[in-house]
Amino acid sequence: MAEEIIIANAEDKIYDSIVCYAPTMITTSGIWQGDNPLDYSLPLFIVQLTLVVVITRLLVFILKPIRQPRVIAEILGGVILGPSVLGRSSTFANTIFPQRSVMVLETMANIGLLYFLFLIGVEMDIAVLRRNSKKSLLIAMAGMILPCIIGSSFSVLLHDKSQNTKEGTFILFLGLALSVTSFPVLARILAELKLINSEIGRIAMSASLINDMLAWIVLAFAIAFTENKDMSLATLWVILSSIAFICVCFFVIRPLIERRISQTPEGESISEFNICLILTGVMISGFITDVIGTHSVFGAFVFGLIIPSGPLGLTLIERLEDFVSGLLLPLFFAISGLKTEISAIDSAATWGVLCVVIILACAGKVIGVVIVTLYYKMPFHEGLSLGLLMNAKGLVEIIVLNVGKDQKVLDEKSFAIMVIVAIGMTAVITPIVTIVYKPSRNFTPYKRRTVQKTKLDREFRVLVSIHTPKAVPTIISLLEASCPTKKSPICIYVLHLVELTGRASGMLIVHNMRKTGRPAMNRTQAQSDHIINAFENFEKSAGCVYVQPLTAISPYSTMHEDICVLAEEKRVALIIIPFHKQQTVDGGLETTNSSFRTINQNVLANAPCSVGILVDRGLTRSTMNQISHHVAVLFFGGPDDREALAYAWRMSEHANINLTVMRFLPGDTTIEASKSNSGNDYSVLTVETERDREKQLDEEYVTEFRTKTGNDGSIVYIERIVNHGEETVGAIRSIDNSHDLFIVGRGQGTSSPLTAGLTDWSECPELGAIGDLLASSDFAMKASALVVQQYVGMGSGDPLITPDSPTVHYEPFNLDHSTHRQQPDFHSQQ
């Protein structure tokens, strides 16, 4: 059993607890032997860890609707478990978090922190200091220096009201805590606000990354000063030793690691031995920096910086990130919460002075950033929003506060209020920026929102949305077959859709520029690089094609907003999105992610232009560097079918495209049945009038098509008379297997007797009756299919298939800045 001894120093009024441990009480013999599992270290730690994770995840779920970053939930979870809430019960505190368990808990928390900081180092690009614009660097410096000066100035007043603190180091720690900006937290906030790819988001990401790096350097020196009351020879040795450690890591260890990794054959995974060496190196680096007088996390962070990007960094992140950030890191925040005792704030004066310091420091960061943005002639509201965003707090500040408390630099009151203020400042960023930053959508209205209205002698703009690289070959083949010419070039916006998660590495895809030539840092960026490289190679090989790659990071529930806003902003005529099912080895289709289907449904309901869903069964070149496709259009009538014919008409301009247009017409039986059902019902007559108008439009467009393509031997026009759905299916089955692409209309809002009964067993109503038939595994179709919906006005999509689709209020989505490429000189669109 553990025994607690209280030692009191009456002169200084300092109370310390010495806890005696029983080294044999690690694992229990079981409740059947009469043991209480919570008296033993391992069972108690498991209960503590489980409780921390469960409460943290519960708070994440609760705070998700108000778009709060996960760090808020993690710190709040610790506060709830600590002496401020549940810990007020002595029974709970002595049973679940007794004094004897603190050492084990803090040890595991610091191990998690060690590896998390290592991963942050792996993911960071130290070249960012050289590569970033002067604007980002000045914003980062202004956002650090001014709040640090303000906090330091007023900390003298606060220090006089605090006990047992060292004035110089107190000023240093308080200034550092107030000036830092958390890169992972800021990235999450920007993604939630859909600003991560905007100009303000790009600047904020760059500035916060620079801020984070500078904060670690300052923290290392702060720890060195903390360990020594005066600037003595020992402090100088700590600083020199730290510099020597950094030099050895970069100029000795890094080349050795690169040499070791270069011995791995290309295409093979990193060996377990090499991974084990790296993970051991993290612990050794932490030990060395702890020995020389700086914090162990500094060594882990520096060791992470020297890990070369590529397969090694990718493997380390994939293997460690979820375990470390999901299981061990919450322990560190929980420990911070357990140290936070709100009841210690019993002095209104202390609270008031600290609040003044925090408000002024927050204002100082905002003022510093606004001054720089005004110098660069940015709008005031953007500078104000940027300054507010730079106040995001997170891991670095919590580490600073914990080190300060452990070193007796911060007392209970200061620590508790600083933790609360960190939570408050970060929590209010999202709602305040939402109010302050409301850029207007000054999009130029445009008419050519459909393929049909885009003439063959004008530019054709397409937005391609891609989740994984698997769909890339077919989409490229489809676009290449779309006949780009000098008269009608194709401008392709390639949007890589990435789910917004709590992982910091997922955010770095936006910040890291591909021009650096560095290998991908994570799997998401590797996929993005693969997609972008494929389309850029297509741009080089194909003439009259302009490609602009973009990346959107957002939750699946709002991902359709990114697609629709970008389509409106870029004035595209067609959005191409992949079907939520992919082809398997045996030729069937299986669902990859059910969320993709919801995205497609929401895009169909809210798109500002025409939409095409691509059912991918392969559409590759028949010969080397030469496409040759047999395309079939199934025409039943209506706006969607006219749009499908318009796209196929464009494709038929290509010399190596053979087009078959099969038009389905109702037989006499179907016509008579339709007349008998109409009767004298006014509503039915109104529908019939609308049908007659659509039939007239169909006739006019088909006649125009046949007139202009009548002498083209590569185009075949067929008319089939059918009376019901069964005959329609039989006619489609009769089409020979030489066709490798079917283009059909979705048939939104229309009910044709030619497709009667086909929707009764529909698996995917968003494809329409014919599209669902072509995508069905029972139909044994080997060809790909493009299901097209024509834009006929805002809100034209069928709301019945999207019951969960929210009302969309679009914000601007300036994604161009993620690539830093010069946009080609496109033809203007009216």
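The values are calculated or read from the model by the stated rules, or taken from the named source; none is laboratory data. Owing to the predicted nature of the structure, the values given are computational and were not obtained by experimental measurement. Note that each Cβ is placed from the backbone with ideal geometry, even for glycine, and that neighbours are counted across all protein chains shown. SASA here: full protein model, heavy atoms, side chains in, ligands and nucleic acids out. Shrake-Rupley method; radii C 1.70, N 1.55, O 1.52, S 1.80 Å.
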Calculated SAXS-style log₁₀ I(q)/I(0) at q = 0.15, 0.16, 0.19 Å⁻¹ - region 237-301, Debye, Cα scatterers: -0.53, -0.59, -0.75
Nearest-10 value in Å² for the accessible area of ARG663, using the 1.4 Å probe: 20 Å²
Shape of region 217-343, Cα gyration tensor, a/c cut at 1.5: oblate
Full-stretch length increase - THR703, THR107 - with 0.36 nm per residue and alpha-carbon distance subtracted: 206.6 nm
Inter-probe distance in nm under a simple model that places probes 7 Å from Cα toward Cβ, at LYS782 and THR584: 2.0 nm
Debye intensity ratio in log₁₀ form over the Cα atoms of region 542-666, taken at each q of 0.11, 0.18, 0.22 Å⁻¹: -0.51, -1.30, -1.39
Three-way shape call for region 373-495 based on the alpha-carbon gyration tensor, with the a/c threshold at 1.5: prolate
Efficiency of FRET between ARG733 and ILE66 - r from beta-carbon atoms, R0 51 angstrom, step 0.05: 0.45
Listed residues LYS134, LYS540, LYS393 arranged by accessible area, highest first, probe 1.4 Å: LYS540, LYS134, LYS393
Protection-proxy order for peptides 174-180, 594-600, each taking the mean of Cβ atoms within 10 Å per residue, highest first: 174-180, 594-600
Rounded if a/c under 1.5, otherwise prolate or oblate - region 518-615, Cα gyration tensor axes: rounded
Förster-model FRET efficiency, 60 Å R0, CYS247 and GLN33, C-beta, rounded to 0.05: 0.60
5 angstrom amide H check on VAL722, placed H, neighbours 5+ away: LEU665, GLY667
Computed log₁₀ I(q)/I(0) - Debye formula, equal Cα scatterers, no solvent, region 323-417, q 0.15, 0.19, 0.25 Å⁻¹: -0.77, -0.96, -1.19
Gain upon complete extension [SER557, THR95; 0.36 nm per residue less C-alpha separation]: 162.1 nm
Efficiency of FRET from Cβ geometry, LEU665 and TRP761, R₀ 22 Å, rounded to 0.05: 0.30
Environment charge of PHE742, counting only residues whose C-beta is closer than 11 Å and scoring Lys/Arg +1, Asp/Glu -1: +1
Local net charge near MET662, Cβ-Cβ under 9 Å (Lys/Arg +1, Asp/Glu -1): +1
Computed Rg/Rh of region 70-114, alpha carbon atoms with Kirkwood Rh: 1.02
By average C-beta atoms within 10 angstrom, highest first, the peptides 337-348, 378-389, 781-792: 781-792, 378-389, 337-348
Interchain or long-range residues, amide H under 5 Å from THR340's placed H: none
Inter-label distance for ALA349 and ASN593, nm, one decimal - labels placed 7 Å from Cα along Cα-to-Cβ: 5.7 nm
Segments 186-194, 47-55, 398-406, 296-304 sorted - mean Cβ within 10 Å per residue, highest first: 296-304, 186-194, 398-406, 47-55
Simple spin-label estimate for THR50 and THR264 in nanometres, 7 Å along Cα-Cβ: 3.6 nm
Karplus (6.51, -1.76, 1.60) ³J(HN,Hα), θ = phi - 60°, over region 572-579, in Hz, Gly and Pro reported as x: 7, 9, 8, 9, 10, 10, x, 5
